[in-house]
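The values are calculated or read from the model by the stated rules, or taken from the named source; none is laboratory data. Fair warning: this is a prediction, and the values are worked out from it, not measured in the lab. FYI the Cβ positions are ideal-geometry reconstructions off the backbone, even for glycines, and counts take in every protein chain you see.
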4 protein chains.
Amino acid sequence: MQADKKQINRLLKTAYGQLEGIMRMVEDDRYCIDISNQILATEAVLRRANKEILKAHMKSCVKNAIAEGGGDDKINEVIEILDKISK
Amino acid sequence: MQADKKQINRLLKTAYGQLEGIMRMVEDDRYCIDISNQILATEAVLRRANKEILKAHMKSCVKNAIAEGGGDDKINEVIEILDKISK
Amino acid sequence: MQADKKQINRLLKTAYGQLEGIMRMVEDDRYCIDISNQILATEAVLRRANKEILKAHMKSCVKNAIAEGGGDDKINEVIEILDKISK
Amino acid sequence: MQADKKQINRLLKTAYGQLEGIMRMVEDDRYCIDISNQILATEAVLRRANKEILKAHMKSCVKNAIAEGGGDDKINEVIEILDKISK
């Protein structure tokens, strides 16, 4: 992975902690809307991690592959991810 | 929370396991696109958990509040969540 | 439809005008990224119109149906829409 | 624009026709949920047009710019669009 490992780890750990919190909220029978909001917050952190990973990927792997005369496979991979993100 | 606790727990545990896997992938310097796909899969599981929670919430809390002559606050809460989901 | 017709019409006309602009941009061979940004802006206006329609629907049709002792069908319809929005 | 003009035009005309239909539905006071479903369908067509435009853009403009030794601006533009899509 080409993204800043420290930043990605920080984001993933945040999501991990949020998810542990959500499992406790379910256990404690907390209010549905509060749990729902926490799930949305966790999704937002994962989306941010994913965007950072994709940015770094395009700026390194994709770019290098194209500069070396190829890159079509890499572009197709990014497009497949884009397809999933923009369903 | 009104949703089926067992189902929600199963979904949250799945997301939790996926997230642990993603953190290992980052540690092991795995390919960006593989990590990105795993993050998208985890988001999909969280979205599913959230939808189940909201369904159950509408079919119980919201419905009961309206049947008892109120419910406007509950409807507004659901609309706020809808606003966040449909950004 | 229960939403403020004037507001919904205004939003739909905005989207309509944007779409006409986008078709001209395609005709004039404008820059891809500029066209992409205009499409995203049009989607945002449609999402807003949809949210206003759903809000009004929940505050009137859904609420009234529940208050009259029913409403399960109406709740299921809203959940189906939620399912599509939160794919 | 680099995408297949015919295909993009076809998608945009579909969205345009759908939008005209939606405005008539609002005029005719049709059921909220039916209008909502039509709006979602129109958004889906616009998303598809946008994806086709971005695919073609990456496979031509972005790729060519990188192959000519540049491309950082183009990559940043695609990332900005990705940021908007994945809010």
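Before moving on, here are some points about what is shown:
- Filtered residue count, the stretch D:1-22, keeping only those that are farther than 21 Å from A:Lys87 by Cα and more than 8 Å from chain C (Cβ to nearest Cβ): 3
- Count of the stretch B:69-78 residues, restricted to those that are facing chain C (nearest Cβ under 9 Å) and either at pLDDT below 90 or more than 16 Å from the chain's Cα centre (by Cα) (or both), is 5.
- Filter result for D:Ala3 (in contact with a helix residue (DSSP H, G or I) (Cβ under 8 Å, 6 or more places away or on another chain) and not in a helix (DSSP H, G or I)): yes
- D:Met25 fulfils the conditions (1) facing another protein chain (nearest Cβ under 7 Å); (2) without any contact (Cβ under 8 Å) to a residue 40 or more places away in the chain; (3) of a type in the set (A, V, I, L, M, F, W, C) except for a single criterion, (1).
- One residue stands out among those in the stretch A:29-51 that are within 7 Å of another protein chain (Cβ to nearest Cβ) and outside any helix (DSSP H, G or I): the one that is surrounded by the most Cβ atoms within 10 Å (Cβ to Cβ), which is A:Arg30.
- Single residue of B:Cys32, B:Cys61 found to be touching a Cys at 6+ places or on another chain (Cβ under 9 Å) and more than 30 Å from A:Lys55 (Cβ to Cβ): B:Cys61
- Evaluation of B:Lys74 against (1) farther than 24 Å from C:Lys84 by Cβ; (2) part of a helix (DSSP H, G or I) (one fails), failing number: (1)
- Among (1) exposed (fewer than 14 other Cβ atoms within 10 Å of the Cβ); (2) more than 10 Å from chain A (Cβ to nearest Cβ); (3) among the basic types (Lys, Arg) - the single one B:Lys59 does not satisfy: (1)
Residue-by-condition table, conditions (1) touching a Gly at 6+ places or on another chain (Cβ under 7 Å); (2) free of Cβ contacts under 8 Å to residues at least 60 places away in the same chain; (3) over 30 Å from A:Glu77 (Cα atoms); (4) among the small types (Gly, Ala, Ser):
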| site | (1), (2), (3), (4) |
| --- | --- |
| B:Gln7 | no, yes, yes, no |
| B:Gln18 | no, yes, no, no |
| B:Gly21 | no, yes, no, yes |
| B:Arg30 | no, yes, no, no |
| B:Arg47 | no, yes, no, no |
| B:Lys63 | yes, yes, yes, no |
| B:Gly70 | no, yes, yes, yes |
